[in-house]
Amino acid sequence: MWKGLLIDAKIDFALATKDPSGKPTTGITRTETKVTAFGPDDEVKSERTGGVDPWPTDRYLNMWVCQLTGGLLGYAQFPGGPAATDGVVILYTAFGTRGVTQAPFNKGRTATHEVGHYLGLRHIWGDRNDCSGDDFVSDTPKAKGANMGKPKFPSITCKNGPSGDMFMNYMDYVDDDAMVMFTEGQVARMNATLAGPRKTLAGL
Amino acid sequence: MHGHWVHSHEEDTGDAIVLRRATHPFPPSRGRTSFELHPDGSYVEMSPGPVDAPEASTGSWSLEGDRLVMGADGDGSGHVWNVVDIADDRLVVRD
């Protein structure tokens, strides 16, 4: 249905090989904490609150992997926010594809979704549940709200037939194995972020 | 009817929306909407914000026959739900 719109973002991240002081690193640090589960309030991002401080956010994408309260899979921060909390947070059972990951969130798509936000993307329904929301991308149809699970095609809302909601987009709320695409418009928006507010990351 | 109701979207069927008490053992989710209906007619709704962290909004609720009417404060969109079924631990509504 949206074959012509689906596009490879060609945005790659790599594990850091040098830490902020220039020493070799695996790009992974592990921090012991007394906090049993972190809330969605940035506490994992500071040593003072039981987490760990970010590496310089103009040179590194920081990903905090931890236990989260309330069954939340992850949360992000848009470009232009405070440096001290910049990056993405992901529930440990929804990070990557191996080990303790649990279906249906075991294909690494929570990171795809959160990094989408980090690069300036909005939810596909535009964050209002009444068809008035806007994701500021012209090639994604309007949608009334989040789709969950593995929806049956089509999911028609906001007079968006015959194709309905683009629920298979990484910026909807479906299961990992049900989300497969960014659109050209979304990739253009991410590239604009990498040429603008996050330009110090590009080409590192 | 008052108390903290959380959308158990895994249990939805067709256009029926299933809510459970906050103490229900919910599995992980990208986001989950809930509302806390207070006896004084006010409510607090928590729903996924633009970067997935839950955000709170407030309003007033009332039961008009079988309709649960939730009027949001400010420019929020609010809801009118048709109540299909209610038990101690399970509330089923339609949009």
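A few points about this structure:
- A single entry from B:VAL51, B:VAL92, B:VAL44 fulfils the requirement of being within 26 Å of A:TYR75 (Cα to Cα), more than 14 Å from chain A (Cβ to nearest Cβ) and modelled with pLDDT of 95 or more: B:VAL44.
- Scanning the stretch B:29-47 for residues that are free of Cβ contacts under 8 Å to residues at least 24 places away in the same chain, closer than 30 Å to A:ASP86 by Cβ and touching a strand residue (DSSP E or B) at 6+ places or on another chain (Cβ under 6 Å) turns up B:ARG30, B:GLY31, B:VAL44, B:MET46.
- Among the conditions (1) crowded, with 16+ Cβ neighbours inside 10 Å; (2) not in a strand (DSSP E or B), the only one that B:PRO25 does not satisfy is (1).
- Criterion: away from every other protein chain (no Cβ under 12 Å), surrounded by fewer than 17 Cβ atoms within 10 Å (Cβ to Cβ) and without any contact (Cβ under 8 Å) to a residue 24 or more places away in the chain - qualifying residue of B:ASP73, B:ASP12: B:ASP73
- Of the residues contained in the stretch A:63-74, one or more are found to be crowded, with 16+ Cβ neighbours inside 10 Å, farther than 27 Å from B:VAL6 by Cα and out of contact with any Ser or Thr (no Cβ under 9 Å at 6 or more places or on another chain).
- Some residue of the stretch A:110-128 being farther than 25 Å from A:ASP42 by Cβ and surrounded by fewer than 22 Cβ atoms within 10 Å (Cβ to Cβ): no
- Condition met for B:THR58 (more than 11 Å from chain A (Cβ to nearest Cβ), assigned to a loop (DSSP other than H, G, I, E, B) and either under 15 Å from the mean Cα position of the chain (by Cα) or more than 28 Å from A:LYS152 (Cα to Cα) (or both)): no
- When residues in the stretch A:46-73 are screened for being on the phi < 0 side of the Ramachandran plot and within 12 Å of chain B (Cβ to nearest Cβ), 5 of them pass.
- From the list A:THR193, A:THR157, the one residue that fits, being within 11 Å of chain B (Cβ to nearest Cβ), among the polar types (S, T, N, Q) and touching a Lys or Arg at 6+ places or on another chain (Cβ under 9 Å), is A:THR157.
The values are calculated or read from the model by the stated rules, or taken from the named source; none is laboratory data. Predicted model only: the values in this text are computed from it and were never measured. We place every Cβ from the backbone using ideal geometry, glycine too, and count neighbours over all the protein chains shown.
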